[in-house]
Structure formats: structure tokens, C-alpha cells
Amino acid sequence: MRVAIGSDHAGFDQKERLKAHLVEKGFDVVDMGTNSGVESVDYPDYAEKVARSVAAGQAERGVLVCGTGIGMAMAANKVDGVRAANVTDPEFAALAREHNDANVVAVSGRFVPVGVNQEILDIFLGTEFGGDRHAGRVAKIDGIEHKD
Ligand code: RB5
């Protein structure tokens, strides 16, 4: 599975460690930056790159890391076809896939230990969408994008 990953400066250290973890697990990882934890950058720039790559089908899933994961999820969700979930707990990673068919996960590089984020990614990337009663609800989420 191809996974696009991106971070801002606050998420850089964990992005590097999470990337190595995913490569070790056999994922095809595309790193979309940033490339430093020192130079301050704007998280929406990296959220947009990863989200557009998922929306275009160039990557099946996206992983975003910033201080909290909140801004990354907000920005990624502006791209049509992207369902980004800010996940800080492994159980929520499973539910974001099973119930919401999330295709991008945004994690916190500052408030959640890297070991927990590794577990979150393992679950997120290894869990199928439940479909069934959830499918219509997810279709309604996508429908909101096309109402205006
Ligand atoms: C950067 O200081 C911080 O605002 C950013 O990493 C993120 O937490 C935003 O949601």
C-alpha cells in the first residue's frame, strides 16, 4: 500500500520515526516534507500536499503529523474526497476506519508518544471500512461537499 506522509516542524521528529516504522512494515511511503524540525513552516501547506495526493489516487492513505494533529485534519478535510481524522487513541483509529472510512489520519507529534502513534498507524492502515449501515452516512459526508 502506498502511503503519503507529511508534517510541519512540530511533527517533523515523529514523522521521521513513523516513516521508518512504516517502511519497516513494508509500506511504500512517499514523504512530502517538511524536512526540518528547526525551520518553522505552515501546516496547511503539507496537509494540502498529502490530501491532494490521496484524493488523486496517487496514495491510498495519508498520514499527517503536527503539534496536535488538529490543524492538519482541518486543512486536509478541505480537499474533496478526503476524510481526515485527528486520532490520539488507538481505538479511535479503528473506528475512524470502520465507521468513517477515513483515508487520512492526523496525529499529534507533541502530545502523544511515538509508540502510541505507531500503534495508531498500524491499526489505521490495517483496518477495513465496515460498509453496511456506515456506507450511507459516509456518502452523506461526501454529499455535503457538493451542496454549495
Ligand atoms: C505549530 O506551532 C502548531 O500550531 C501546529 O503544529 C499544529 O499543532 C496545528 O494544529
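We did not get these values from a lab; they are worked out from the coordinates using the rules stated. Computed from a predicted model, the values in this text were never measured in an experiment. All Cβ positions, even for glycine, are placed from backbone atoms using ideal geometry, and neighbour counts span all protein chains on display.
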*Taking the Cα atoms only, what angle lies between the long axis of helix 114-126 and the longest principal axis of the chain, rounded to 10 degrees?*
30
*Computed magnitude of the charge dipole of the chain (debye, nearest 20; Cβ of K, R +1, Cβ of D, E -1)*: 180
*Equivalent-ellipsoid semi-axes of the chain, from the Cα gyration tensor, Å, largest first*: 23, 17, 13
*Output the relative contact order of the chain, whole-number percent, from Cα pairs under 8 angstrom with separation of 6+ residues.*
23
*Name all residues of region 128-148 having a backbone nitrogen under 19 Å from the label point set 7 Å from the Cα of residue 60 along its Cα→Cβ direction, giving them as ranges.*
128-132
*Take the alpha-carbon centre of region 95-110, take the same for region 1-77, and report the distance between them in whole Å.*
13
*asked:* Cβ neighbours within 10 Å, averaged per peptide: list 108-117, 73-82 in order, most packed at the top.
replied: 73-82, 108-117
*asked:* Working only with C-alpha atoms, what are the Rg and Dmax values of region 64-148, expressed in angstrom?
replied: 12.9, 41
*Using a simple spin-label model with points 7 Å from Cα along the Cα→Cβ vector, what separation in nm is obtained for residue 134 and residue 1?*
1.2
*Looking at the square roots a ≥ b ≥ c of the eigenvalues of the Cα gyration tensor of region 106-148, which shape do they give, rounded for a/c under 1.5, prolate if a/b is larger than b/c, or oblate?*
oblate
*Cα-based count: Lys pairs in the chain below 19 Å, eight or more positions apart or different chains?*
6
